[in-house]
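Trainee: Here it is, the structure in full.
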Amino acid sequence: MAVAVTGGIGAGKSEALRAFERHGAAVISSDEIVHELLRTDEDVRAALRERWGDGVFASSGDVDRERVAQVVFADAGELDWLERLLHPRVVATYLTWRERLAEQPDPPTVSVTEVPLLYEVGGDSRFDAVVVISASPAVRVSRQVRPMQDRERRLIPDDEKLARADFAYVNDGSLEELDRFVSGVVEKLGA
């Protein structure tokens, strides 16, 4: 059973992913895949250097994600370019991961991929079920360090995501409450 976890910025998707892992699901994060691509994919690194120069690299030679964020969140065209560079690679990575899980002698019953822009890029068709994690605006702002407004404008509204989801949770409570919700989802998916 391939499951996607999605939701708005600061809603608690990463905490939900950790809860799925605690309950026996195999998990992978699109954000972590992006971080790995920025660290190790020479084609990605070369494209960034060609597009934005050495200014988006730290003195260590690593991509400075904060500098990249400053570029792309200030210019929608640059964000679009970066997403077109990264999204196909992210999708290929998590699909390959799922294939490898399926080849194991005793594959996990549930695999969960955190995909922040799932509906925005039409990725929901790649999954058997979608879990949307939401939270009230006040709670989400309290969890977020970087300003959200520019990033939020391009996202599908939470109410639409919630309506399309197979499972939905408003994550305004405790981590224990989120864990109980995830436990119930895993139980239903494994049945």
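Trainee: Is there a residue being in a loop (DSSP other than H, G, I, E, B) and either acidic (Asp, Glu) or surrounded by 14 or more Cβ atoms within 10 Å (Cβ to Cβ) (or both) anywhere in the stretch 77-92?
Mentor: no
Trainee: Considering only the stretch 131-154, I want to know if a residue exists there that is farther than 15 Å from Lys13 by Cβ, in a helix (DSSP H, G or I), of a type in the set (D, E, K, R) and modelled with pLDDT of 90 or more.
Mentor: no
Trainee: Within the stretch 108-126, can you find the residues that are in a loop (DSSP other than H, G, I, E, B), open to solvent by 20 Å² or more (accessible area, probe 1.4 Å) and in contact (Cβ under 8 Å) with a residue 40 or more places away in the chain?
Mentor: The answer is Pro108, Thr109, Pro116, Leu117.
Trainee: Let me ask another. With the checklist (1) modelled with pLDDT under 95; (2) more than 20 Å from Ile156 (Cα to Cα); (3) assigned to a helix (DSSP H, G or I); (4) not hydrophobic (A, V, I, L, M, F, W, C) in hand, flag the one item Glu21 doesn't pass.
Mentor: (1)
The values are calculated or read from the model by the stated rules, or taken from the named source; none is laboratory data. Just so it is clear, the structure is predicted and the values come from calculations on it, not from any experiment. All Cβ positions, even for glycine, are placed from backbone atoms using ideal geometry, and neighbour counts span all protein chains on display. For accessibility, only protein heavy atoms count, side chains too; no ligands or nucleic acids. Shrake-Rupley method; radii C 1.70, N 1.55, O 1.52, S 1.80 Å.
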